[in-house]
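Remarks on the structure that follows.
The values are calculated or read from the model by the stated rules, or taken from the named source; none is laboratory data. Source: prediction; values computed, not measured. Here the Cβ is made from the backbone with ideal geometry for all residues, glycine too, and neighbour counts use every protein chain on show.
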Amino acid sequence: MPGTCVIGLQWGDEAKGKLVDILTGEHDVVVRYAGGANAGHTVVSGGQTWKLSLIPSGILRDGVQCVVTGGVVLDPASAIREIEMLESRGVSVAGKLQISDRAHVVFPWHIAEDKLLDGSLSGGGAIGTTGRGIGPCYRDKVGRALAIRLGDLYRDDLRLRIEHVAAFKNRLLAAGAPGSEQPVTLDAGVIHEQYLAYAERLRPFVSDTTAYLLDAVEGGGRLLFEGAQGALLDIDHGTFPYVTSSNSSGVGVASGSGVPGRWVERVIGVVKAYSTRVGGGPLPTEQDNAVGLHLRERGREYGTVTGRPRRCGWFDAVAARYTARLSGVDELAVMLLDVLGGLDELKICSAYEIDGRRVTQFPSQIADLERAVPIYETLPGWSGELADVRREADLPAEARGYLGAIADLVGRPVSIVSVGPDREQTILRARPTSRRPPWQASQPSPVAGA
Ligand code: GDP
Ligand code: IMO
Ligand code: MG
């Protein structure tokens, strides 16, 4: 069967872009199916660094189609900037990129609303969004009345639609939030002109990607699904309300792309060898100390999209085990292992203590997660550099021990290890042969009556 998924199992920035680039050669189509220009995926090759937000990371390779599906919220200005950046650096996009006519379009009112509403959570506090209009655009998609899709940009009534929505949005933005700055006023005529120009620029890329992908899988094409964000930012299953507005865990692949889950053969869960998070919300293993500083500086943990410093902490196996199960993960890719070099000892969170109880199930309520005190396993660190290691056998014994502990605690084998940002700085291990997890092999069914 033809599908592979790459899903971030933490709070995003797990180096999904690097992994997708590596796996692209084994696939015919690379598919972005959720999120929008909030994503920032980095690929480093031959001394060059590429940062992609909307266009699949597969675009840097030849002989592959790249598809942005209807599950993505599309900021046309960002997409055009990215296309132009690629073309100016010698990467041809023509004939390689398709964007769904079903994708919902991000408008200036979404960005204004994002800025207006972040900081106004009903329970107090701020999500710390990327300010790219993601939440408001998905809200209008679900609300329907004020939504405009990419296909609508080519209709004769576009101006009327924009005037209709802008009138509503101007009233909303004028109401503002308490203490907010002067409200933004949207000029429907200017926006219409601007979006007509965007539509013309994007016209060669717009298609019915659902039909295309269904034809591709049914014809035996090999699809690579590029997750955006991380499973803990999933709107339904993440650390709500400190999440993004799409299904960023594995559950979003089918709904976002239109390709049924039965076509997915391999699910790779991507983790950093430690934890990071940008924006608000609980991070139980956060290290606001010398360890956190080590991780931030060695890992260059500053946001790809916003430049914000990322919060850093130890690897959280309670969280990763939850998201590995949630996303149907077969195997793990452990990235940025090199960043841990130079720490005397390493810690992995194997359980939480909540109100005096030991808990291994990831809490569904944010209030419980906020009170969770990590219980750690302590492992020895290593001092050498890993940047030049290409074989598992050449890793220090402590690094192999650390990977073994992650596999045991998360409950999935580690098949890929990354020791630097470059494509080449990767160790591929033997892949698991069976999809049936080992702990299920000889157990009776736990379902009553089955
Ligand atoms: P994504 O959003 O999941 O694609 O990840 P980002 O690109 O936002 O962040 C990952 C960062 O780590 C990027 O700057 C990568 O170049 C870098 N990176 C990827 N793999 C490694 C690695 O193994 N070691 C180090 N030190 N950096 C890495
Ligand atoms: P990639 O694909 C890390 C975070 C934001 C904020 C929350 C909601 O590069 O891993 P949003 O703008 O989506 O409404 O913000 O989600 N966030 C990410 N954090 N990596 C990302 O993407 C993210 N996309 C959104 O920082 O906390
Ligand atoms: Mg990123």
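Looking across region 296-319, just one residue is away from ligand 2 (no atom under 15 Å from the Cβ), buried (at least 22 other Cβ atoms within 10 Å of the Cβ) and closer than 16 Å to A15 by Cα, and that is F315. R132 fulfils the conditions (1) closer than 24 Å to V243 by Cβ; (2) away from ligand 1 (no atom under 16 Å from the Cβ) except for a single criterion, (2).
Do you know which residues across region 348-373 are more than 16 Å from ligand 2 (Cβ to nearest atom), touching a residue at least 12 places away in the same chain (Cβ under 8 Å) and either among the hydrophobic types (A, V, I, L, M, F, W, C) or buried (at least 20 other Cβ atoms within 10 Å of the Cβ) (or both)? Write out each step before concluding.
Of the residues in region 348-373, the ones more than 16 Å from ligand 2 (Cβ to nearest atom) are 348-365, 367-368, 371-373.
Retained after the next criterion (residues that are touching a residue at least 12 places away in the same chain (Cβ under 8 Å)): 348-355, 358-362, 368, 371-373.
Passing the criteria: I348, C349, A351, Y352, I354, V359, F362, A372, V373.
Among the residues of region 80-139, just one is touching a Lys or Arg at 6+ places or on another chain (Cβ under 9 Å) and among the basic types (K, R), namely R102.
Check region 235-252 and report whether any residue there is at pLDDT 95 or above, away from ligand 3 (no atom under 14 Å from the Cβ) and not in a loop (DSSP other than H, G, I, E, B).
We begin by selecting, within region 235-252, every residue at pLDDT 95 or above; these are 235-252.
Retained after the next criterion (residues that are away from ligand 3 (no atom under 14 Å from the Cβ)): 235-243, 245-247, 249-252.
Now narrow it down to the ones that are not in a loop (DSSP other than H, G, I, E, B): 252.
Within region 235-252 (the criterion being at pLDDT 95 or above, away from ligand 3 (no atom under 14 Å from the Cβ) and not in a loop (DSSP other than H, G, I, E, B)), the answer is yes, since at least one residue qualifies.
The set of residues in region 12-56 that are near ligand 2 (Cβ under 10 Å from one of its atoms) and either of a type in the set (G, A, S) or surrounded by fewer than 24 Cβ atoms within 10 Å (Cβ to Cβ) (or both) comprises G12, A15, G17, A34, G35, G36, A37, A39, G40, T42, K51, S53. Going by what's in this entry, would D388 be described as in a loop (DSSP other than H, G, I, E, B), modelled with pLDDT of 95 or more and either in contact with a His (Cβ under 6 Å, 6 or more places away or on another chain) or surrounded by fewer than 17 Cβ atoms within 10 Å (Cβ to Cβ) (or both)? Yes. When every residue of region 34-55 is checked against the conditions, none turns out to be touching a residue at least 12 places away in the same chain (Cβ under 8 Å), within 16 Å of ligand 3 (Cβ to nearest atom), charged (D, E, K, R) and assigned to a helix (DSSP H, G or I).
All of T4, T24 fail the test of being more than 9 Å from ligand 1 (Cβ to nearest atom), of a type outside the set (A, V, I, L, M, F, W, C) and not in a strand (DSSP E or B), apart from T24.
Can L340 be described as within 16 Å of ligand 2 (Cβ to nearest atom), under 20 Å from N289 (Cβ atoms) and of a type in the set (A, V, I, L, M)? It would help to see each step written out before you state the result.
On the way: within 16 Å of ligand 2 (Cβ to nearest atom): no; under 20 Å from N289 (Cβ atoms): yes; of a type in the set (A, V, I, L, M): yes.
Against the criterion (within 16 Å of ligand 2 (Cβ to nearest atom), under 20 Å from N289 (Cβ atoms) and of a type in the set (A, V, I, L, M)), L340 does not qualify.
The set of residues in region 391-433 being outside any loop (DSSP other than H, G, I, E, B) and among the basic types (K, R) consists of R400 alone. Name the residue that is farthest from G131 (Cα to Cα), counting only residues in region 240-261 that are touching a strand residue (DSSP E or B) at 6+ places or on another chain (Cβ under 9 Å) and not small (G, A, S). Residue satisfying both the conditions and the ranking: V259. Just one of the listed residues (G125, G131) is assigned to a loop (DSSP other than H, G, I, E, B), touching a residue at least 60 places away in the same chain (Cβ under 8 Å), more than 15 Å from A79 (Cβ to Cβ) and out of contact with any Gly (no Cβ under 9 Å at 6 or more places or on another chain), namely G131.
Within region 84-92, is there a residue that is of a type in the set (D, E) and in contact with a Ser or Thr (Cβ under 7 Å, 6 or more places away or on another chain)? Before the answer, list the steps.
Of region 84-92, the ones of a type in the set (D, E) are 84, 87.
Filter once more, so that each one left must be in contact with a Ser or Thr (Cβ under 7 Å, 6 or more places away or on another chain): none.
No, there is no match, as no residue in region 84-92 is of a type in the set (D, E) and in contact with a Ser or Thr (Cβ under 7 Å, 6 or more places away or on another chain).
All conditions but one from (1) of a type outside the set (S, T, Y); (2) surrounded by fewer than 20 Cβ atoms within 10 Å (Cβ to Cβ); (3) in contact (Cβ under 8 Å) with a residue 24 or more places away in the chain apply to E218; the one that does not is (3).
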